[in-house]
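What follows is a short report on a single structure.
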Amino acid sequence: MRLDKYICRCTELSRTEAKKYLKRGAVLVNGETIKDPGFQVYEESVITLAGNLLTFASARYIMLYKPQDCICSNVDELYPSVLHLVDVDRAFDLHIAGRLDVDTTGLVLITDDGQWSHKITAPKKECNKRYRVQLSKPIPADAVERFAHGLQLQNEAKLTKPARLEVLAEKEALLTISEGKYHQVKRMFAAIGNRVIGLHREQIGAIALDGELAIGQWRYLTEDEVSSV
Ligand code: URA
């Protein structure tokens, strides 16, 4: 990691402030004064700032109950980013492990550990996600089988991977998928001639949305939840 970034991660300093300390010669790496903000540092590097040893803040793992009308992006666009709901220091250094559409609610995992989020989002890892789906029309009798077999989505070369559909009511189901294609759930139901009118993510892998969280609230994951991924 770059030295200036490392300093920011360990302190409350902004990148500009970190650079000022560097310029002043206040930063030592393994006992040597380093002024170059881009200097590469490693896990084993011993770094001091004005004589104080810097320790790397440990990674953060968060679950958020996403409301509608906010987006799973690090930048605000038409709607604000979900990261505004996470009132921690340097919230925008975090990233979202598996996005939801603006109108989808439910479980969002947020972290600054890229290797961990990769295990959730990488297609090869086939991490299960469970959604509660409300539909505009009744679910046909053969839907369970069709989802299990795989569906042909528009503009996709391959069928979707086998998915588990549990019909809860005439127009409500739980759907578990191991992929994360763009608008996947909506496109899967469109492929059988139906339309998703409500979508809520309940679970990612073994991590379920905490029933104690109100919409818009977040909490840190437990150690067991983190290591379940
Ligand atoms: N599939 C969708 O269509 N939308 C989401 O937000 C998540 C999965």
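The values are calculated or read from the model by the stated rules, or taken from the named source; none is laboratory data. Given the structure is predicted, the values throughout are model-derived calculations rather than measurements. Note that we place each Cβ from the backbone using ideal geometry, even for glycine, and neighbour counts take in every protein chain shown.
Taking the range 186-227 as the range and being more than 14 Å from the ligand (Cβ to nearest atom) and free of Cβ contacts under 8 Å to residues at least 40 places away in the same chain as the test, the residues that pass are A206, G211, E212, T222, E223, D224, S227.
Quick check on the range 154-168. Is at least one of its residues in contact with a His (Cβ under 8 Å, 6 or more places away or on another chain), modelled with pLDDT under 95 and not assigned by TED's automatic domain parsing to the domain that holds C8? Break it down stepwise before answering.
Of the range 154-168, the ones in contact with a His (Cβ under 8 Å, 6 or more places away or on another chain) are 159, 162.
With modelled with pLDDT under 95 added as a condition, the list becomes none.
No, every residue in the range 154-168 fails to be in contact with a His (Cβ under 8 Å, 6 or more places away or on another chain), modelled with pLDDT under 95 and not assigned by TED's automatic domain parsing to the domain that holds C8.
Mind telling me which of the residues E43, E12 ends up being part of a loop (DSSP other than H, G, I, E, B), modelled with pLDDT under 90 and over 30 Å from Q217 (Cβ atoms)? Explain how you work it out, then say what you get.
Details: E12 fails: over 30 Å from Q217 (Cβ atoms).
Sole residue among the options that is part of a loop (DSSP other than H, G, I, E, B), modelled with pLDDT under 90 and over 30 Å from Q217 (Cβ atoms): E43.
Among residues of the range 172-217 being acidic (D, E) and under 17 Å from V108 (Cβ atoms), the one that is surrounded by the fewest Cβ atoms within 10 Å (Cβ to Cβ) is E212.
Looking across the range 92-106, the residues that are aliphatic (A, V, I, L, M) and buried (at least 18 other Cβ atoms within 10 Å of the Cβ) come down to L94, I96, A97, L100.
Among the listed residues G51, G98, G25, G31, which satisfies the condition of being in contact (Cβ under 8 Å) with a residue 40 or more places away in the chain and at positive phi?
Numbers: G51 fails: in contact (Cβ under 8 Å) with a residue 40 or more places away in the chain; G25 fails: in contact (Cβ under 8 Å) with a residue 40 or more places away in the chain; G31 fails: in contact (Cβ under 8 Å) with a residue 40 or more places away in the chain.
The match here is G98.
Pick from L94, L28, L107, L100: which is farther than 30 Å from V133 by Cβ and either within 16 Å of the ligand (Cβ to nearest atom) or of a type in the set (A, V, I, L, M) (or both)? Don't jump to the end; show me each part of the working.
Working: L94 fails: farther than 30 Å from V133 by Cβ; L107 fails: farther than 30 Å from V133 by Cβ; L100 fails: farther than 30 Å from V133 by Cβ.
So the residue among L94, L28, L107, L100 that is farther than 30 Å from V133 by Cβ and either within 16 Å of the ligand (Cβ to nearest atom) or of a type in the set (A, V, I, L, M) (or both) is L28.
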